[in-house]
Amino acid sequence: MRIAVLKEQAAGETRVAATPETVKKLSALGAIVAVEEGAGIRANITDEAYREAGAELGSAAAVVKDADIVMGVQAPDAAALSGAKKGAWVAATFDPFGQKDRVEAYAMAGLEALAMEFMPRITRAQSMDVLSSQSNLSGYKAVIAAGNLYGRAFPMMMTAAGTVSAAKVFVMGVGVAGLQAIATAKRLGAQVSATDVRSATKEQIQSLGAKPIFVENVEGIEGEGSGGYATEMSEEYQKAQAELVSSHIAKQDIVITTALIPGRAAPRLISDAQTATMRQGSVIFDLAVAQGGNVEGSVADEVVEQHGVKIMGFSNTPAHLAADASALFSRNLFNFLNAFWNEEKKAPELDEEIGDAIRLTKHGAIVNERLQE
Ligand code: NAD
């Protein structure tokens, strides 16, 4: 069983899909792990460290040659994998809804694409869930990055020269990233409030010591769809939400938006008119900027100033924490292979529930139900 780890090719990608720790663990299962030279350098991992952990180092072509499994953070171009075994697995994120051509190319190449972002949100798959591990770090980084742009402090400080008041932070969308954003802002001493369309998050917000801000008295809505994800909301709800946000946002210093709906563009949560109500020097961090943006006017990897408010968001937030993000991502991949490892065959075998959920292509065809819709 040969496992290949390539240097990521996407612009701005700093992460790597294996670390010396996971190379050791995969080797202990009986796999040969081959790592492209320089693959870990942007995550502060040297070739030497991989070698010491037992990896073979080489060029991309040498590493991929006869690979049974290729691991990636973002799936490489299918063309780069022509030397891999027929039907080789590629375990990575694929952005399956956004990059349909890539999925087609994998099918044409006869590869088995395993989309890690389609991992079901079930208890036994938690340790394999790259969306959670990366979102968690993103929620943290959003607060730190927003704090960097903010010309004031987070905590209340009583000094001999007078009092500095605490920053007011509002988190919109309380999934994994939002919960970590709340926790981070609280740890820094901010006054934190948060909102979501899923009423189940109310208690979670309170348990972190933050104030829930919720649309009440709008009938016939339930923001929770399948798998615990959000659904698109009714027009009536969206109107009520916009009014509530307008009145609340005007009093906030920092807003972190994290709202996503799987397979669709991110919902628009903050209009330009709402931004205009905020104080001069306020900051909005749009974690959904790469999925179309929650905030009108946000541009990936730029600080846009509107009405004296700074709006920003990264196209790839976890890439700004390359070492930790790689460590967690690669553990997710190891946990995945390890959970399905067949000791006798020294190879993984997927079960139906998880295999069907994450497999995009097999035997030359696109096989995933979510891509047939
Ligand atoms: P996500 O990244 O898909 O979305 C972020 C948040 O935005 C969600 O909480 C969503 O409800 C919210 N949102 C969507 N539209 C909104 C709107 N118009 N206004 C305000 N908020 C809006 O979410 P996620 O972090 O991937 O989490 C999704 C679900 O999966 C949650 O229920 C989470 O608890 C669950 N989860 C389960 C597991 C597991 O059991 N293995 C692991 C991770 C997450």
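The values are calculated or read from the model by the stated rules, or taken from the named source; none is laboratory data. The shown structure was predicted, so the numbers you read here are calculated from the model rather than taken from an experiment. Glycine gets a Cβ as well: all are built from the backbone with ideal geometry, and neighbour counts include every protein chain shown.
Odds and ends about this structure:
- Put simply, of Gly178, Gly189, Gly147 the only residue that is in the same structural domain as Ala259 (by TED's automatic domain parsing), touching a residue at least 24 places away in the same chain (Cβ under 8 Å) and under 18 Å from the mean Cα position of the chain (by Cα) is Gly178.
- Within the range 91-106, residues that are in the same structural domain as Pro262 (by TED's automatic domain parsing) have Cβ atoms under 9 Å from residues that are buried (at least 22 other Cβ atoms within 10 Å of the Cβ) and among the polar types (S, T, N, Q) in no pair, counting only partners at least 6 apart in sequence or on another chain.
- Looking only at the range 92-130, and only at residues there that are away from the ligand (no atom under 12 Å from the Cβ) and of a type in the set (Val, Ile, Thr), the one that is farthest from Arg15 (Cα to Cα): Val103
- Test: residue in the range 270-277 that is within 12 Å of the ligand (Cβ to nearest atom), over 19 Å from the mean Cα position of the chain (by Cα) and modelled with pLDDT of 90 or more: yes
- Looking only at residues of the range 231-261 that are farther than 27 Å from Arg152 by Cα and in contact (Cβ under 8 Å) with a residue 40 or more places away in the chain, we find that the one that is farthest from the ligand (Cβ to nearest atom) is Tyr237.
- Restricting attention to the range 7-16, the residues that are crowded, with 24+ Cβ neighbours inside 10 Å and either within 18 Å of Lys65 (Cβ to Cβ) or not assigned by TED's automatic domain parsing to the domain that holds Asp68 (or both) total 0.
- Single residue of Val245, Val255 found to be modelled with pLDDT under 90 and within 29 Å of Gly147 (Cβ to Cβ): Val245
- Within the range 131-185, the set of residues being more than 10 Å from the ligand (Cβ to nearest atom) and part of a loop (DSSP other than H, G, I, E, B) comprises Tyr150, Gly151, Arg152, Ala153, Phe154, Pro155, Met156, Ala160, Ala161, Ser165, Ala166, Ala167.
- Picking from residues in the range 195-210 that are among the small types (Gly, Ala, Ser) and closer than 20 Å to Tyr229 by Cα, the one that is nearest to the ligand (Cβ to nearest atom) is Ala200.
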